[in-house]
Amino acid sequence: MRIGLLTEGGYPYATGESRLWCDRLVRGLARHDFDVYALSRSARQEDAGWIPLPPQVRRVRTAPLWGPQEDWLGGSGRHAVRAYGRRERRRFTTCFAELATAVCRTPDAVPDAGTGTGCATAFADGLYGLADLAREHGGLAAALRSETAVRVLESACRAGGVRRGVHGATLPDHLAFADRVERALRPLSLDWYGEDGLGAVDLCHAASGGSAALPGLLAKRFFGVPLLVTEYGVHLRTHYLTVADAPVSAPVRTLLAAFQNLLTAEVYRRADVLTPGNTHARRWQERCGADRAKLRTVHPGMAADRFAAVGESGDGGDPRTLVWVGRIEPAKDLVGLLHAFAEVRREEPAARLRIVCAPVRDAESATYRTHCEALAAQLFPDEAADAHTVGDNPVSFEDLGGPYAPDVTDAYAGAGVVVLSSVVEGFPVGLVEAMLCGRATVSTDVGAVVEAVGGTGLVVPPRNPRALADACLALLRDPARRERLGAAARARALELFTVEQNVAAFRGIYLELISRAPVHREADAVGADGEPLPFAHPAEAYVAGHWTGRGPGGAGTPAWASVPQPVTTGPAPGGPVLADAQAPAAEAPVAAAPVADVPAAAAPATDAAAAAHEPAGSAGLVVASLPVAASFPVAGRVDGHV
C-alpha cells in the first residue's frame, strides 16, 4: 500500500509536534510505502534538518507556510507569480467572493446549507474553485495578495448580515487577513497534484487538520483518494488558544476564527475517517460537525520499553518526594502547585518538591520560571538543621538532562508521587510516562487527564491548591495505596498507550479504507464531489493484460468498451490510406468496428482471414472484426459469437 503522509510543522523535521508518533507509525508499518508531504512553519525548523528516515519513506516533498511568496515559489509553486488575464481574474474574483462572503457573514444570515447556499457550501465552492484555478493556471498566491482580493474582502465585510466583530474592519485589517489566508491556502498552489504525486497514492493520512489536510482534500477531489485525518490536539482548538495572544486586531481575529472554523468543518465533512487521540478531542470534533460514524479513537503510542526498568524494578521511589515534570509555562500553573506544597509542608515537614523542567523555548517561559523560583524562595526560605550546616530549600528547580535528572526516567524513579497541576492540557504525555514507570499520580481534571488516568490516580479540580494538597497528603501517608495505584497505572498504560496498539489500530484503519476503494481511480472516474462514478470502468478493465486496455497508472477503459473515435486519414508509408468505421466501403476491404486486441492464441486464424481479403501490395492496412461479447481466450480460441 502506498500512503501519502501529510504533515504541518512536524515530521520529518527534527523539531515540531507530531514528529515522534509519525516516525513510530512509519517504522511500525514497514510493509507499506510512504510519501511524505510536509509543510514547514519557520526557517528555524527547516535549518534544524530532518530526523533519520526509514527505507519505506520513498519520497519527501516540502513547502513552507512562512515568509513571502518569492521565497517558496522556486521548487513547489506552479507559476504562482504569473499575472492573470481578464478571464482568469474574473474567475478568481467569483471564487474568492464566495469564500470571503462565507467567512464574513453569520451562519444565520445565509440560508441553510441544504439549499445549496449555506455558509459551508459557499465556502467549499469558493475553496475548490480556487483549487481548480490554481491547478489549471497557477498564479493563486499572487492573486490572494492582490488589490482585487482586498477589494473583494472589503465588499464582503461591508455587506449585510456580517459578523458583529467584522463591522469595524479597516484596510490594514483586510491586508492582514489576506496575508494570513494566503499562507493558509498555499497548499492549493503546490505542484503535488499529479499522476506522479498524490494521484499515485492509495491513501492520504493527514497528521492534523487545517492546512495539512488541504492536500488530502484536493487529492480526494481530483483523484478520489481516501482521506484519513488524525488529531491528537484539535487544530481548531489550538487556533483559538494561540490567536487570542496574537498581535492582531479584533476584526482580524474574528475573520481568522471564522475561516478556520469553516475549513475544519469542510475537512471533517470530506474525510473518510477521523481518528481523535482521546475523548476530549473527540468531543471537540463532534461539536465542530464531525459525523460520529467516521470517528475512531486511537490513543497515542508511547515507547514502553524505555520505562520498563523503572516500572519493573519494584522500587517505589522516595516516599517523601513529589515530582513535577514538564515544560514551564503559565498553563502548567506552577504557582498553584507551590501554594499547594506550602499546605503539604505544614502537615508533612519532611516532604520535598522537585520541579524537573524541559528546556525553555521562549522569553515568556523564561520569565515565568524566574517568577516561580522567586515565589519558591519566598514561601520556603532555606532551612538548616543546626547552626553548623548549610540551609536547604525543599523546592528544587532542575533542568532535564542535567546532573540530577539526566533522563526523564531518572526523574520518575526518584518520585513517590507524580503531580500534574495544569489548567489547560491536551493529552497528558508526562502523566502516561509516570504511569508506565508505575508511579501513583495526582492531577487536575483538565483535557484528557481523566481518560488517561482512569481509576489509577487521584484527580482534583484545577486552580484549587487546597484540594491538590489534600490529595498529595493522602498518598504520601499511605504507602500501600501508592503501591496499588502505581501497579494499576502501569497495567493500564501498557494496555492502552503503547506504540504497538497505536500501530495495530492504524493498520486496521488503513485496510478498512482501502477495502472501500480497492482500485486506484483515474481522474475521469471521479465526480465533482470527489466520489467515484459508478460504472466508469467495466469489470474487465481490471484484468491484467494489454488486450483489456489497462494502462501503467492503473485500470483503464478497454478499447472494445471505449467510444469509437475517428482516425485521421493520411498516406501511410509504403501502404494505402488508413480507414475507420465511418469510412466508405470502397476505402476498406473489411468492415471496421472497434474491438480489443485479439489474444496471441487466436492470432494465426485472424492473420489468415486478413490475408484472404488483403489485396496485393496493401501492407499497413488496418483490419478489425466485430466486437465479441464476454470474450476470453480458452484453449487457443475465442469464445463468443461474431
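FYI, it's all coordinate maths here, none of it is from the lab. Everything quoted here is computed from the prediction, not taken from an experiment. Cβ placement follows ideal geometry from the backbone for every residue including glycine, while neighbour counts extend to all protein chains displayed.
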For region 346-359, 3J(HN,Hα) per residue [Karplus equation, 6.51 cos²θ - 1.76 cosθ + 1.60, θ = phi - 60°, Hz, x = Gly/Pro] = 5, 8, 10, x, 8, 5, 10, 10, 10, 9, 9, 10, 6, x
ask   = If you stretched the chain out fully between Arg327 and Arg158, how much longer would it get, using 0.36 nm times the residue separation minus the C-alpha to C-alpha distance?
value = 56.4 nm
query = If contacts are Cα pairs under 8 angstrom and at least 6 residues apart, what is the relative contact order of region 186-289 in percent?
reply = 28
request  = Apply 1/(1 + (r/R0)^6) to the Cβ-Cβ distance of Gln378 and Ala491, taking R0 = 25 Å, and write down the FRET efficiency to the nearest 0.05.
outcome  = 0.05
key: Peptides 23-30, 358-365 ordered by average Cβ neighbours within 10 Å, highest first   = 23-30, 358-365
ask   = Counting other Cβ atoms within 10 Å of each Cβ, which trypsin sites (Lys or Arg not before Pro) in region 296-345 have at most 15 and sit in a DSSP loop?
value = Arg320, Arg327
note = Taking R0 as 30 Å and r as the Cβ-Cβ distance between Asn464 and Ala505, the FRET efficiency 1/(1 + (r/R0)^6), rounded to the nearest 0.05, comes to 0.25
ask   = For Leu171 and Leu241, what is the calculated FRET efficiency with R₀ set at 25 Å and r taken between the beta-carbons, to the nearest 0.05?
value = 0.30
request  = Determine the gain in length on full extension of the stretch Thr94-Ala308; use 0.36 nm per residue of separation and subtract their C-alpha separation, reporting nm with one decimal.
outcome  = 71.1 nm
key: Loop GluC sites (Glu not before Pro), region 247-356, which have at most 11 other Cβ atoms in a 10 Å radius of their Cβ (DSSP)   = Glu312
